[in-house]
1. Yes or no: G196 in contact with a Gly (Cβ under 6 Å, 6 or more places away or on another chain), in the same structural domain as P155 (by TED's automatic domain parsing) and in contact (Cβ under 8 Å) with a residue 12 or more places away in the chain?
2. Identify, by number, the condition in (1) on the phi < 0 side of the Ramachandran plot; (2) touching a Phe, Trp or Tyr at 6+ places or on another chain (Cβ under 9 Å) that G206 doesn't meet.
3. I need a count of the residues in region 193-219 that are assigned to a strand (DSSP E or B) and of a type in the set (S, T, N, Q).
4. Identify, please: which residue in region 61-114 is among the hydroxyl-bearing types (S, T, Y) and in contact with a strand residue (DSSP E or B) (Cβ under 6 Å, 6 or more places away or on another chain) and is, among those, nearest to P41 (Cα to Cα)?
5. Among G65, G51, G45, which is the only one that is surrounded by 14 or more Cβ atoms within 10 Å (Cβ to Cβ) and more than 17 Å from L5 (Cα to Cα)?
6. Which of (1) among the acidic types (D, E); (2) under 22 Å from the mean Cα position of the chain (by Cα); (3) assigned by TED's automatic domain parsing to the domain that holds S18 is the odd one out, the single condition E109 does not satisfy?
7. Any idea which of (1) assigned to a strand (DSSP E or B); (2) at pLDDT below 95 is the one S27 doesn't satisfy?
8. Of the conditions (1) assigned to a helix (DSSP H, G or I); (2) at pLDDT below 95; (3) surrounded by 13 or more Cβ atoms within 10 Å (Cβ to Cβ), V149 fails just one. Which one is it?
Amino acid sequence: MSRTLYHLDAYCREFDASVTRSVQNASGVAGVILDRTAFYPASGGQPNDLGTLNDVKVVDVTEVGQEIVHWLEQPLTETRVHGQIDWTRRFDHMQQHTGQHILSQAFLELFNAQTVSFHLGPESCTIDLDRVILEPERLDQAEDRANAVIVADRPIVARFVSADEVSTLGLRKAPTVDEDIRIVEVEGFDRSPCGGTHCARSGEVGQIALRCAERRGHETRIEFVCGWRALRDHRRKTRALHEMAQSFSVQERDLPAAVQRQIGRAHV
């Protein structure tokens, strides 16, 4: 079983390790298992890390049983490796996953809406809530509450607890394992079991921006972005809005009315 350095320090970007075993999948892709690793495997809605081992690209990281397999662009011959994490990707995942914890607690606190699933995609993230919440003012409330926690720059601490402690912690959701239970706490706001990588302070999330809400039966899917993703999303939409307003020769605030007028003319 590999020692998981990402659990000890999510900010670990480089490490040295020994190869304990080499493997190969059905497609002939080579992989290695290390005695210690900072590479996070895909788990709990969070994608895996990427990076290099001795300058060989790590193309995937998976957890097989209790072993973490680093799948490689080409086979490794060395028994000692130096690992480097793609830090831009790792920190992006830390911002999104930490933001999800904060947003989920905001919906629970304000509307008693529990998050039943989470997905961290390449462009945006989603959470599914166990009730229907589509009113713009309620979505704004949750977004404001989440961003207030970010502005407060609260410490975030992760620790392992015993099964006996769980009932005393007031967790947002129950753990899915009976041992090695890892708790992530946003001080004074959220406490939940999670094995992912997170920021050390809520301020590092930057901001949380809701993109849309969609009803899915008796649930609601919330799409959102955090941190640098939120900035890029804002920049892209602002530029598009400005270009559209220019093409209609109106101010941005008057664009919806101008579009409606154009639609009306097209239907005449």
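1. On the way: in contact with a Gly (Cβ under 6 Å, 6 or more places away or on another chain): yes; in the same structural domain as P155 (by TED's automatic domain parsing): yes; in contact (Cβ under 8 Å) with a residue 12 or more places away in the chain: yes.
Yes: the conditions hold for G196.
2. (1)
3. Going through region 193-219, the residues assigned to a strand (DSSP E or B) turn out to be 193, 201, 208-216, 219.
Still in the running and of a type in the set (S, T, N, Q): none.
Of the residues in that region, 0 qualify.
4. Here is the first cut: in region 61-114, the ones among the hydroxyl-bearing types (S, T, Y) are 62, 77, 79, 88, 98, 104.
Those still in the list that are in contact with a strand residue (DSSP E or B) (Cβ under 6 Å, 6 or more places away or on another chain) too: 62, 79, 104.
On the way: T62: 5, T79: 21, S104: 23 Å.
Out of the qualifying residues, it is T62.
5. Numbers: G65 fails: surrounded by 14 or more Cβ atoms within 10 Å (Cβ to Cβ); G51 fails: more than 17 Å from L5 (Cα to Cα).
That would be G45, the only listed residue that is surrounded by 14 or more Cβ atoms within 10 Å (Cβ to Cβ) and more than 17 Å from L5 (Cα to Cα).
6. Condition not satisfied by E109: (3).
7. (1)
8. Among (1) assigned to a helix (DSSP H, G or I); (2) at pLDDT below 95; (3) surrounded by 13 or more Cβ atoms within 10 Å (Cβ to Cβ), V149 violates only (2).
The values are calculated or read from the model by the stated rules, or taken from the named source; none is laboratory data. Please read all numbers here as calculations on a predicted model, not as lab measurements. Counting neighbours? That spans all protein chains shown, and the Cβs are built from the backbone with ideal geometry, glycine included.
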